[in-house]
């Protein structure tokens, strides 16, 4: 059983790092596309069609949702710790578990609704309204994948709180 969990943990690590790398790539692609679009618009009076839509409907989703679980595990998400330092140590762990559980419920709902939206987009052939008319199902799937991966990491943080690198400032 331990070897199965170890293999599963390594697979999740690889998936998480791949998603984080794709998130970084989306920033680079976004930077290049927007720069080319602005250059074309200002200097040649010829913008690139669909750049704004691709940026909004694909690249921003990839940037945010594919990086969420990696950022969570690195302790990079914003936490309000103003009053936390006044709590006794015996209260902090149950409070963290409770708050992680609330986050789990929230992101599980996002993942479930994202999956349903992905399936609907595939079933009905949902396309973007812009001139390029590209399919939207992959973008919905990126949202679902990122949220589901974050749920896995939140579950890990609930059962193994030391796995998250939180820093108190």
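The values are calculated or read from the model by the stated rules, or taken from the named source; none is laboratory data. Everything numeric in this text was worked out from a predicted model, so none of it was measured. So basically every Cβ, Gly included, is an ideal-geometry build from the backbone, and we count neighbours across all protein chains shown.
Some notes on this structure:
- Hey, residue 107 at pLDDT 90 or above, within 19 Å of the chain's Cα centre (by Cα) and either farther than 30 Å from residue 37 by Cα or not in a strand (DSSP E or B) (or both) or not: yes
- Pairs meeting the criteria (first residue in segment 158-169 and part of a loop (DSSP other than H, G, I, E, B), second residue at pLDDT below 75, beta carbons under 8 Å, at least 6 apart or on different chains) are 166/79; 168/81; 169/81.
One line per residue, one yes/no per condition, for (1) under 22 Å from residue 150 (Cβ atoms); (2) touching a strand residue (DSSP E or B) at 6+ places or on another chain (Cβ under 9 Å); (3) in contact (Cβ under 8 Å) with a residue 12 or more places away in the chain; (4) not in a helix (DSSP H, G or I):
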position	(1), (2), (3), (4)
17	yes, no, yes, no
42	no, no, no, no
55	no, no, yes, no
64	yes, no, yes, no
85	no, no, yes, no
101	yes, no, yes, no
130	no, no, yes, yes
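- Some residue of segment 103-126 being loosely packed, with under 12 Cβ neighbours inside 10 Å, in contact with a strand residue (DSSP E or B) (Cβ under 9 Å, 6 or more places away or on another chain) and without any contact (Cβ under 8 Å) to a residue 60 or more places away in the chain: yes
- Looking only at segment 66-83, and only at residues there that are touching a residue at least 12 places away in the same chain (Cβ under 8 Å) and in a loop (DSSP other than H, G, I, E, B), the one that is nearest to residue 131 (Cα to Cα): 66
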